[in-house]
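The structure appears below as structure tokens.
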Amino acid sequence: MIKWTTVSRWLAPIVTLLLVSGCLPEEPEHPVPAAAEIEPHYVWEGPVNVEMSGNVAQVSVTVDPGDFARGGDLWAKAFPYIFIFSPGTQAAFDENPGLGGVRVLVRHPNGDVVSQALLSREVLTDLTWNRALNISKEAREHGTERPARMQDLVRWGEDHTEFEYNPTYIDNP
């Protein structure tokens, strides 16, 4: 004869497991966007290419070397942040919950990566996004006559992204 205590020892954990697993909310699934969904967020006078690497959009922009010659290392460092801290990146994150990050690679026409930076989705809050957009706007609009604006952008970028500068093109990486 089977005792109730023996059955309850086996049955109680199974019932508990079934109840708990049925009561837990399911994690909503956010699909990773296609590169074609991200690309329209980035407009540039030169070539722009967007590829997905996992859930990170890799945005490659090719920059005229003359821009570096005029602006030097400061401009070479600032270029990825001009794209990252933009309304386009903010919109890409807002419209694509499955987008985990945006990496901008600034390329020389020969294909070399001059500078790059990765912004992960969770780094900026609404408040810091506003600050980032303002710093970037000031750098784009006034960076030529006021290089300190570009320096502010580079500092902000280095504080909020994972970045890398190619020492072949930038003397002070």
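The values are calculated or read from the model by the stated rules, or taken from the named source; none is laboratory data. Computed from a predicted model, the values in this text were never measured in an experiment. Quick reminder, even Gly has a Cβ in these numbers, built from the backbone with ideal geometry, and neighbours come from all protein chains shown.
Which residues, taken from the range 131-165, are modelled with pLDDT under 95 and assigned to a loop (DSSP other than H, G, I, E, B)?
Hits for the range 131-165 are 143, 144, 145, 146.
Among the numbered criteria (1) in contact with a Pro (Cβ under 9 Å, 6 or more places away or on another chain); (2) more than 17 Å from residue 33 (Cα to Cα); (3) not charged (D, E, K, R), which single criterion is violated by residue 129?
Every condition holds for residue 129 apart from (1).
So residue 68 clears everything in (1) at pLDDT below 85; (2) over 19 Å from residue 140 (Cβ atoms); (3) surrounded by 20 or more Cβ atoms within 10 Å (Cβ to Cβ) except one condition, right? Which one?
Unmet condition: (2).
Are any residues in the range 77-99 buried (at least 19 other Cβ atoms within 10 Å of the Cβ), outside any helix (DSSP H, G or I) and among the small types (Gly, Ala, Ser), and if so, which ones?
86
Which count do you get for residues in the range 158-168 that are surrounded by fewer than 18 Cβ atoms within 10 Å (Cβ to Cβ) and not charged (D, E, K, R)?
Within the range 158-168, residues that are surrounded by fewer than 18 Cβ atoms within 10 Å (Cβ to Cβ) and not charged (D, E, K, R) number 3.
Out of all the residues in the range 70-97, which are aromatic (Phe, Trp, Tyr) and farther than 17 Å from residue 56 by Cβ?
Listed by number, the residues that qualify are 75, 79.
Here is a list: 146, 131, 155. Which entry is surrounded by fewer than 16 Cβ atoms within 10 Å (Cβ to Cβ) and under 16 Å from residue 87 (Cβ atoms)?
131
Just one of 105, 74 is farther than 24 Å from residue 36 by Cα, hydrophobic (A, V, I, L, M, F, W, C) and surrounded by 14 or more Cβ atoms within 10 Å (Cβ to Cβ); which is it?
After ruling out the rest, the residue left standing is 74.
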